[in-house]
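Below you'll find the structure, written out as structure tokens, and then a few comments.
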């Protein structure tokens, strides 16, 4: 076994680079039974040295410095299957370890049960729990927010039938242009403005109800579902928003960080994230789930629907997640929320969801993911068709903003590399 100093010396790197190798999974550290000093197996260090040690003035195996932002595949341990993703940076915002999700170290189960969405926004943006006064001020700003006339005009130009995610996208450049006409805002003020504005872009027929108190869940219920909502409904929607708020480096979050790394503002980062989310493989899952429910409600038998999916070599919408092979913990939490809603609003949709879940598990051995029960909850709460994906975007905006702010704090341009697989060098002449 080697100490950190000995391992770093053996690799010819600084201690900070050694620790970065550990955080990225390239090297495993071990703790002594007494004390806190980390130790490293000499065999592991030797194996890594073969990848990173300089030879003849260049890297023998082309593994980049751990301090770089180049995309690097995660190496696998002996006997393990290849990792499903790549590591591009370190982050203190959220973690997924052994299928357990945490925001800033707090388990998602505790946050969904006990925290408001506004508390989660401030937790993700600042890194720590905020005092009650800060949370109250954010809720007041959300409750009293009004849609500026230029932003309202840009939404009106899209037409009443524009897709909800398109409406959210259109708001960002309008807000950016509006800010340029006045004093520049701080990142914190921009973050709060974006969170306050997003629900207004989804208001049904442009109807925005202003109140003196409330938060994002209340605003969505009043302006989108067009109901004041009972306290239990507000609490249920709040749980949905918290569950959606953050999920490490997914496609839309990566898009937000790449744009932030260029120095672009928060509006541009959120715009990039929403555009990424609009793709059918990412945010489009909710729309496919709604179509599945519509087909089944119209008379299609569940078994017949699953047979058609298999014949077309497709996954059942809302099922399976590469990060959670044993099941998405967020889906479990939202299934509990859906069960609570069903007790008050009627069980028809919830019972159909349970039958679909049972049939998919029997045939495909797949568990539902967040999108499935997000769609069930929002539809049972009275939101119109097409809105579940947009509600996901409103919740996830908290995480997008947090990642952009973190990127600004210690910025390097994110510039991944590619492995070329084309024609060899050749002459044009």
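The values are calculated or read from the model by the stated rules, or taken from the named source; none is laboratory data. As the structure is a prediction and not an experimental result, all values here were calculated from the model. FYI the Cβ positions are ideal-geometry reconstructions off the backbone, even for glycines, and counts take in every protein chain you see.
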Any residue at all in the range 298-308 that's without any contact (Cβ under 8 Å) to a residue 40 or more places away in the chain, surrounded by 14 or more Cβ atoms within 10 Å (Cβ to Cβ) and assigned to a helix (DSSP H, G or I)?
yes
Scanning the range 135-151 for residues that are assigned to a helix (DSSP H, G or I) and out of contact with any helix residue (DSSP H, G or I) (no Cβ under 6 Å at 6 or more places or on another chain), the one surrounded by the fewest Cβ atoms within 10 Å (Cβ to Cβ) turns out to be 149
Got a sec? Which of 223, 228, 116 is over 24 Å from residue 260 (Cβ atoms), touching a helix residue (DSSP H, G or I) at 6+ places or on another chain (Cβ under 7 Å), without any contact (Cβ under 8 Å) to a residue 40 or more places away in the chain and surrounded by 20 or more Cβ atoms within 10 Å (Cβ to Cβ)?
223
Being touching a residue at least 60 places away in the same chain (Cβ under 8 Å), assigned to a helix (DSSP H, G or I) and more than 25 Å from residue 148 (Cβ to Cβ) is true for just one of 190, 239. Which residue is that?
239
Scanning the range 279-297 residue by residue, the ones that are surrounded by fewer than 23 Cβ atoms within 10 Å (Cβ to Cβ), touching a helix residue (DSSP H, G or I) at 6+ places or on another chain (Cβ under 7 Å) and at pLDDT 90 or above total 6
From 77, 141, 118, residue being at pLDDT 95 or above and on the phi < 0 side of the Ramachandran plot
118
Tally time: how many residues in the range 309-327 are at positive phi and out of contact with any strand residue (DSSP E or B) (no Cβ under 6 Å at 6 or more places or on another chain)?
3
Residue 272 under 21 Å from residue 125 (Cα atoms), touching a helix residue (DSSP H, G or I) at 6+ places or on another chain (Cβ under 9 Å), part of a loop (DSSP other than H, G, I, E, B) and without any contact (Cβ under 8 Å) to a residue 24 or more places away in the chain
no
